[in-house]
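The values are calculated or read from the model by the stated rules, or taken from the named source; none is laboratory data. On a predicted model such as this, the values are computed, not experimentally measured, just so you know. All Cβ positions, glycine included, derive from the backbone under ideal geometry; neighbour counts span all protein chains shown. Areas reflect the complete protein model, heavy atoms only, side chains present, ligands, DNA and RNA absent. Shrake-Rupley method; radii C 1.70, N 1.55, O 1.52, S 1.80 Å.
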Amino acid sequence: MTATARTAPPDWLVDDSLAPHVDESPPGALYRAAERGELALPFCSGCRLPLEPEQRICDGCGGDTVSWEPVLPRGTVHSATLVHRLEAGLVRAAAPYPVLDVELDSGHRLIMTTLHPATAAPAVGENVTIGFRTVGGVHVPAAVPAPAHSETTEDRS
């Protein structure tokens, strides 16, 4: 008997043609880590300031050395909206869907949707954990409502 490769079901929100391109550019490191089940994001190697995934120069110290490191997959909704625009052939959702700006405990901010379809956006200030949707074989961060969390010394990233 031959083992068959398991493919992920289609993403609930977008067509596979909208999958991000994973290459050696900085955002590619985010998707490669996500494939391993990790949330990894960039920090300035000089001053440890959290950087945007595409950022190559630190706003704090001007350094140009970036270190991609695993971070805790949790944060707080900073802003949220429901998108009512549906694009036939690209957006699979048949109803408005949430888009969130999540401030991670690491200090990074990411824009994402929810892991599963939702008819309402999580409230600003709501805690979320980060899971991963699969779009065209690429794992992308997605929010999952979470109970309140408290920080301990060993939890800090």
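Considering the conditions (1) within 23 Å of Thr134 (Cβ to Cβ); (2) loosely packed, with under 13 Cβ neighbours inside 10 Å; (3) within 18 Å of the chain's Cα centre (by Cα), Thr81 is excluded by exactly one of them, (1).
The number of residues in the range 94-110 being farther than 25 Å from Leu51 by Cβ, touching a residue at least 12 places away in the same chain (Cβ under 8 Å) and open to solvent by 20 Å² or more (accessible area, probe 1.4 Å) comes to 3. Taken over the range 103-157, the criterion of being at pLDDT below 95 and among the β-branched types (Val, Ile, Thr) is satisfied by Thr119, Thr152, Thr153. Filter the range 1-22 down to the residues that are at pLDDT below 90 and either more than 22 Å from Leu115 (Cβ to Cβ) or loosely packed, with under 11 Cβ neighbours inside 10 Å (or both) and list them by number. The answer is Met1, Thr2, Ala3, Thr4, Ala5, Arg6, Thr7, Pro9. Of all residues in the range 61-78, those that are out of contact with any helix residue (DSSP H, G or I) (no Cβ under 9 Å at 6 or more places or on another chain), surrounded by 13 or more Cβ atoms within 10 Å (Cβ to Cβ) and not in a strand (DSSP E or B) total 4.
Condition check: closer than 23 Å to Gly28 by Cα, touching a residue at least 12 places away in the same chain (Cβ under 8 Å), small (Gly, Ala, Ser) and open to solvent by less than 80 Å² (accessible area, probe 1.4 Å). Does Ala143 satisfy that? Yes.
Please work out which residue is nearest to Ala33 (Cα to Cα), limiting yourself to the range 87-110 and to residues that are in a strand (DSSP E or B) and in contact with a Gly (Cβ under 7 Å, 6 or more places away or on another chain).
Applying the filter and picking the extreme gives Leu104.
Applying the condition of being open to solvent by 40 Å² or more (accessible area, probe 1.4 Å) and part of a strand (DSSP E or B) to the range 111-139 and asking which residue is farthest from Leu90 (Cα to Cα) yields Thr129.
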